[in-house]
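Read through the structure below, which is laid out as structure tokens, and then see the notes.
The values are calculated or read from the model by the stated rules, or taken from the named source; none is laboratory data. These numbers come from a predicted model, not from an experiment. Glycine also receives a Cβ, built like all others from the backbone with ideal geometry; neighbour counts cover every protein chain displayed.
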Amino acid sequence: MPYVLRRCLLVIPTLLGISFLAFALANLAPGNPAEQLLRRLSDTPPTAQEVIDTREEMGLNRPLVTQYVSWAGRAVQGDLGTSYTTRRSVSSELRHRIPYTLQLTVLAAMLALAIAVPAGIVCALHRNRLFDQLARLMSLAGASMPSFWLALSLIVLFAVRLSMVPVAGRGGLDSYVLPVVTLAVTPAAVLARFTRSTMLEVLDDDYMRTARAKGLTEWRTVLGHGMRNALVPLLTAFSISLGHLLAGAVIVETIFVWPGVGKLALDAISNRDYPMIQGFVLYAGAAFAGINLLVDLAYGAIDPRISAAGSSASGLRR
Amino acid sequence: MRTFRRLAVVLIMALVAAACGGGDDDNDSAGQTDTSQPAVNTNAELKVGFVDDQYVLEGVDASLGAYPLNTNVLETLTYLNDKYEVVPRLAERWEFRAPNTWRFFLRKGVKFHDGQDWNAQNAKAAIFDRVAAKRGGGTIKAGPNSVAIVDEFTLDFTPTVGNVRVPEQIVHPNNAAVAPGTDPGKKPVGTGPFKFVEYQAKERIVVERNDAYWGEKAQVARISFRFYPDSNARLLALQAGDIDLAYQIPRDDVKGLKDKGFTVANSTVGAYRAVYLNQFGEAPFDILKDVNVRKAIATGIDRKALVDGVLVGLATPDQTFVPPGVLGRSASEVKGFQFDLNKAKAMLDTAGWRAGSDGIREKAGRKLKLVLVSGFPSAEALRPTPVFLQSEMKKLGIDLEIQERPDSASFQALMAEKKGDLFIEEGNQNDANVGFLPVLLLYTGAASSGSGVYQGISAPGPTFNSLIEPSITEPDLAKTQLSVGKALNEAITEQATVLPLAGIFRIYAMKSTVRGFVPHPSFLNVSWLGVSVAGR
Amino acid sequence: MSTADTVAAETAVVGIPARQPPHRARLLSGLLHDRTAMIGLVLVSALTLAAVFAPLLSPHDPDTVDVARKFLPPSGEFPLGTDHLGRDVLSRLLFGARLSIGSTLVASLAISVIGVAVGLVTGWFGGITDNLISRVVEILLAFPTFLLALSVTAMLGPGLRNVLVAIILAWWASYARIVRSAVLSEREKPYIEAARAVGSGSGRILRRHLLPNIVAPIVVLTTLDLGAVLLSLSGFSFLGLGVKPPTAEWGAMLSEGRTYLSRAPNMMFFPGAAIFLMVLGFNLLGDGLRDALDPRTRRSRC
């Protein structure tokens, strides 16, 4: 079976597993969903009879398997239920907020790459000189820094004391600055270290020495051979960074009050809004499975050895 | 390697310098005190920072623009002003016709934003039919046949059950007039001084002046309300100039804001922080069955320290949980407890709880351990009061465990199961109905309509019921207040099933250029009519 | 947010390291000569010792509330000032260290033990269990760890214990993966064949031959991940999903400090700095261990 097909088929059990997880989350959790829904509908608490009626309406008395099947069936069609807190449909909330998160994460990813890759290459080329020392120090600090601490400190410095950018909330272009920078720091640090070590490996191997001996300029050799060989591990590290980015997005969106999906998830968890939590888990899992799929397919395209070896490479990163 | 270390030191020093210098802000442009008096700019846009967006957008409870953030797009028949008085709005006057009918005389010359006329026929659809569709007919108890049209501007409303409190209740934005045929969840059309412009969920809602308003026109051209669930973000936005006015500023920041030239306006008491004591719990939540222990706790909490310390003096050490403005003179009926630590300790000793070796009291081998549940409206809103209570209880020899619940639904769920000893909440008085809260939460008599959750733990009993019953059907305000006052005394002083901690007033902060803002004790009833922005 | 993935990716490129366990003396001397690793060790030990001796070092009780003395600036009596309830920030920092560091160590230990156990068993015995568990592992790995832990917390509810369980559940999978790959590649080696030929049972082989060979990289991974676990843990507490009040813990203190950002930035700054230094220490130490154990990667560092 060709690699591409095999890899695509693997997504199905993964998606199934994700859907189990999402379903289980709401139904294994303590609390009575019918009662919770009713409590939010008005100021006066519900009577016992109302709770019983609502349970029946929501289909909560059917066996779990039936509930799962009908939920999954609806989910596939795009109906993820109604949020307990906002009373709006979960899928429309997600649809509305995903773009905002994407804006931050894509910008942060671009920023991180733009900083990390050149920095890593320069470090590798000028190993142990001043730039390298400085960059390694900063990337170590960046990888160790709690993002919430960094975000708050940046707010105090740039938004309050210097009034250069707004404090929170999504507004004009300047409101993107702090959240994107905060989000980009950890991936940039990790990617820089990674690029550096990978480039060093690549620069040292025989092929490179031969190329240099033949008289090709350093830059050409680096960009030509070095980059291509470094591409696979770089892709690996980048997809790992996407994990960092989505995780960091929850915290950054909370601090900067960004109307994205991360904050939505956190609010849903705090409010025990199970339909929303389910929807989010489904979306996040599917998105990640999708990204992993794309990255694996990219591997297959870049490095024929990997597609021959099968799926052993796919488990190494997240 | 040496460079490495030097760079590390520099970086750490830079971080320390950046963070330690926080707090004193000398760059804020809004900090200058306005000595001149610039003219009012009627083309100005006012930017307001509210708490989180809780608008319901679908179904019978759709409340965009109305509840809980009242943008003044919709109006009610009667209005609750900042002195808790019920005054005319879309109804010029009203009268009670026994046994159970309210006749409203509607204001003339009013139009909805879409041009429809305000008259009895439209009022029936705009208010009463809408409310009748809600669960239980809403607080006013409207039914499908409750309204009879008398003439073009007069209608009769007969609630489905006896209800003498309709004018006080109908001030609530959920009972506002929505133009017939419009969707209050997508584009609210009302009669108010502002018209709906746009809404972006969780971000902002924008309204503009209604130049065809029946009353005095608004003084600003537009208001854009921004949502900041995080109080710190709201505060920082105000300081940075992103907004002109902010709801509910953290108390600890009030002084700092005043120093920087901001105006801070407090309302009268409009909410309360109180603890409900569980006297009907099963083990291990059965310690508070003993009324003497409950009274000892009430005597042993230093309310003044709570108000002055934790609440920075921006609250009142009230003995009741209904705002004094609503209770009127009858607030003095509630005796309450004076703080006396030694007396409290003695009371616990008498009740059989003696101090153990670790300072915690015990009785027959059992430790005096209580669980405090916090979560109305949310655990976050109540912090750090529970921790303060914990340290007060420790002085009494009580081990208090705090359990937080993130929202009111889960908080009430725990209360319904009686799984806790003390339940702390911050509740609001959003209408002028004197007995609303005690009847809803504590009354267990025949006319009871609540769900019984609070009664399940804190019902003060038959004496309370008989004291408060008259107020349910009593139209006269003073008599109602007296009846409620006496009943509250029974609940709070005699039975000690409710422990009021503090009366909370609302704190609004704004730039000095914002004028005419009336700080309302109830968020739901803030009026933007007289607000203006100078300069700009 | 696992360094295990990054390192796993690196090792995938350069090959799974070290066949025989390195000589201990060489390891130690290698480590001692690495100055940055030493800085890491100093940081980690200093903070850990501070945590252990918290009751002795703290000038005050961390939980005593006294609202009359709230928001005091740093002074002799309160070296780092007081917070919004008048509690001493330094004492809370020290006691908070116990909880933060302790939980991190416990969680990391559980993660590696579970991950190694599962990896060994599935790699060695193979068969249906291997297939089944590998599918589970793959599904778990489809999520970023933080989000997985978040989802589990959603199910269990907030609380320190639940957060630890969530983190452990979310993290063990990548360890199991790595160990399983290592076992698969070691299985065919001559020395394992020899042991089997001699008649050693599976348990013995796993314990005496396989385990020592994978201990080294696992120790490196665990140490490198300690920082990430601490960041996750504090992150959860910061978001309000971790410890309950009035417990002193670094992430929770940062969250409280956030409310009073303008009024008292010291409440936010010091716990954050503590987390930063600890994570930095773990990272430096982990880097050093990795270099000491695999001289090959040393070249790419310094």
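A few points about this structure:
- Options A:Ser163, A:Ser139, A:Ser175; residue that is at positive phi and more than 10 Å from chain C (Cβ to nearest Cβ): A:Ser163
- Positions within segment C:240-254 being over 15 Å from C:Thr153 (Cβ atoms) and facing another protein chain (nearest Cβ under 8 Å), in sequence order: C:Pro245, C:Pro246, C:Leu254
- Restricting segment B:106-135 to residues that are assigned to a helix (DSSP H, G or I), among the small types (Gly, Ala, Ser) and without any contact (Cβ under 8 Å) to a residue 40 or more places away in the chain, the residue that is farthest from B:Val73 (Cα to Cα): B:Ala132
- When segment B:445-462 is filtered for residues that are modelled with pLDDT of 85 or more and either in a loop (DSSP other than H, G, I, E, B) or touching a Ser or Thr at 6+ places or on another chain (Cβ under 6 Å) (or both), the ones remaining, listed by number, are B:Tyr454, B:Gln455, B:Ser458, B:Ala459, B:Pro460, B:Gly461.
- Among the candidates B:Val161, B:Val171, B:Val150, residue that is part of a strand (DSSP E or B), among the β-branched types (Val, Ile, Thr) and under 29 Å from B:Thr473 (Cβ atoms): B:Val150
- Some residue of segment C:193-201 being basic (Lys, Arg) and modelled with pLDDT under 80: yes
- Every listed requirement among (1) among the polar types (S, T, N, Q); (2) touching a residue at least 24 places away in the same chain (Cβ under 8 Å); (3) more than 10 Å from chain C (Cβ to nearest Cβ) is met by A:Thr186 save one, (3).
- The single condition among (1) within 30 Å of B:Pro406 (Cβ to Cβ); (2) modelled with pLDDT under 90; (3) touching a strand residue (DSSP E or B) at 6+ places or on another chain (Cβ under 7 Å) that B:Ser146 does not satisfy is (1).
Rundown of residues vs (1) out of contact with any Pro (no Cβ under 6 Å at 6 or more places or on another chain); (2) among the aromatic types (Phe, Trp, Tyr); (3) part of a helix (DSSP H, G or I); (4) crowded, with 24+ Cβ neighbours inside 10 Å, yes/no style:
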position: A:Gly172; (1), (2), (3), (4): yes, no, no, no
position: A:Ser175; (1), (2), (3), (4): no, no, yes, no
position: A:Val185; (1), (2), (3), (4): yes, no, yes, yes
position: A:Ala192; (1), (2), (3), (4): yes, no, yes, yes
position: A:Met199; (1), (2), (3), (4): yes, no, yes, yes
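- When B:Phe227 is tested against (1) among the aromatic types (Phe, Trp, Tyr); (2) surrounded by fewer than 21 Cβ atoms within 10 Å (Cβ to Cβ); (3) touching a residue at least 40 places away in the same chain (Cβ under 8 Å), exactly one condition is not met: (2).
- Qualifying residue in segment C:182-201 (condition: at the interface with another protein chain (Cβ under 10 Å from one of its Cβ atoms), surrounded by fewer than 24 Cβ atoms within 10 Å (Cβ to Cβ), basic (Lys, Arg) and touching a residue at least 24 places away in the same chain (Cβ under 8 Å)): no
- Answer from C:Leu226, C:Leu284 - the residue that is within 19 Å of the chain's Cα centre (by Cα), surrounded by 23 or more Cβ atoms within 10 Å (Cβ to Cβ), in a helix (DSSP H, G or I) and at the interface with chain A (Cβ under 8 Å from one of its Cβ atoms): C:Leu284
- Selection status of B:Phe104, buried (at least 23 other Cβ atoms within 10 Å of the Cβ) and over 21 Å from B:Ala218 (Cβ atoms): yes
Residue by residue, here is whether (1) in a helix (DSSP H, G or I); (2) surrounded by fewer than 21 Cβ atoms within 10 Å (Cβ to Cβ); (3) charged (D, E, K, R) holds:
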| site | (1), (2), (3) |
| --- | --- |
| B:Pro180 | no, yes, no |
| B:Pro188 | no, no, no |
| B:Thr191 | no, no, no |
| B:Glu198 | no, yes, yes |
| B:Val207 | no, no, no |
| B:Tyr213 | no, yes, no |
| B:Glu216 | no, yes, yes |
| B:Gln219 | no, yes, no |
| B:Ile223 | no, no, no |
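- Segments classed as helices (runs of 4 or more DSSP H), wholly inside segment B:225-305, with at least 1 members that are within 14 Å of chain A (Cβ to nearest Cβ) and not polar (S, T, N, Q): B:231-240, B:254-259
- Restricted to helices (runs of 4 or more DSSP H) entirely inside segment C:71-175, those with at least 3 residues that are modelled with pLDDT of 90 or more are C:89-125.
- Filtered by the rule that a residue be free of Cβ contacts under 8 Å to residues at least 60 places away in the same chain and either farther than 15 Å from C:Lys244 by Cα or away from chain C (no Cβ under 11 Å) (or both), segment B:367-383 gives B:Lys367, B:Val373, B:Gly375, B:Phe376, B:Pro377, B:Ala381.
- Taking the criterion of being more than 14 Å from the chain's Cα centre (by Cα) and within 8 Å of chain A (Cβ to nearest Cβ), the only residue of segment C:159-177 that qualifies is C:Arg177.
- Residues being more than 11 Å from C:Leu254 (Cβ to Cβ) and not aliphatic (A, V, I, L, M) - total across segment C:225-239: 4
- Of the residues making up segment B:424-454, those that are within 13 Å of chain A (Cβ to nearest Cβ) and closer than 17 Å to B:Leu501 by Cβ number 7.
- Look at (1) modelled with pLDDT of 80 or more; (2) buried (at least 22 other Cβ atoms within 10 Å of the Cβ); (3) assigned to a helix (DSSP H, G or I) and you find that C:Leu241 fails only one, number (3).
- For segment A:96-136, the tally of residues that are surrounded by 20 or more Cβ atoms within 10 Å (Cβ to Cβ), more than 12 Å from chain C (Cβ to nearest Cβ) and of a type outside the set (Val, Ile, Thr) stands at 9.
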